[in-house]
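The values are calculated or read from the model by the stated rules, or taken from the named source; none is laboratory data. Predicted, not measured: the structure shown is a model, and the values here were computed from it. Neighbour counts are summed over all protein chains in view; Cβ atoms, including those assigned to glycine, are modelled from backbone coordinates with ideal geometry.
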Amino acid sequence: MGSYLVMSLIYGGYLQWSKNGAYMPDSITYTVAKQSNALLNALGYNAQVIPDEALPILKLFVDGEYLANIIEGCNSVSVIILFAAFIIAFAEGFKKTFFFMLAGAVLIYTVNLVRIAVLTIALYKFPEQQDFLHGVLFPAMIYGLVFVLWMLWIRTLKPKKQPHEEQVD
């Protein structure tokens, strides 16, 4: 719980610090939006990300059609913090724990970019399914991945040795 609290406080401090920065809503979210935009364009969609002038959001367009807002919560950092806190809670050796956390964070970040791109395409093709897509299916993808990573981590842990019971004859 302590690691979650510390990482969340650091991230909250970063968000406070970045409020008046050059990138809105913050540089991590801005980068995620730009990378998602690049992925959509690489997939053959005419995508564009435009910062909102009044709100701390980035507007995502495909073929000039406004489809979604990318906000701070879309950058996967909070999910990565939750993932890492669990791994730290069951840490087993610095090197093993560090590399699993690093690989998991990179995977979560990458899957999140793909998730945003696929969600955008789905919203473009099936706008009537917005509530289900954004509210159920796509959050389940990212949290499902975190759950699978947690289970993989637990399976790699060595069982703790139990003290031998005395034999009574």
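Checked against the criterion of being surrounded by 15 or more Cβ atoms within 10 Å (Cβ to Cβ), part of a helix (DSSP H, G or I), without any contact (Cβ under 8 Å) to a residue 40 or more places away in the chain and touching a strand residue (DSSP E or B) at 6+ places or on another chain (Cβ under 8 Å), the candidates Asn37, Asn41 yield just one match: Asn37.
Phe99 passes every criterion in (1) more than 17 Å from the chain's Cα centre (by Cα); (2) assigned to a helix (DSSP H, G or I); (3) touching a residue at least 60 places away in the same chain (Cβ under 8 Å) apart from (3). Scanning segment 117-167 for residues that are charged (D, E, K, R) and either under 30 Å from Phe98 (Cα atoms) or at pLDDT 85 or above (or both) turns up Lys125, Glu128, Asp131, Arg155, Lys158, Lys160, Lys161. Within segment 56-107, if we keep just the residues that are within 30 Å of Lys158 (Cβ to Cβ) and among the charged types (D, E, K, R), the residue that is modelled with the lowest pLDDT turns out to be Glu92. When each of Ala85, Ala117 is tested for being over 30 Å from Glu53 (Cβ atoms), hydrophobic (A, V, I, L, M, F, W, C) and either touching a Ser or Thr at 6+ places or on another chain (Cβ under 6 Å) or part of a helix (DSSP H, G or I) (or both), the lone residue that passes is Ala85. Mind listing just one residue for me: the one in segment 62-82 that is part of a loop (DSSP other than H, G, I, E, B) and of a type outside the set (Val, Ile, Thr) and, of those, nearest to the chain's Cα centre (by Cα)? So the residue we want is Ser76.
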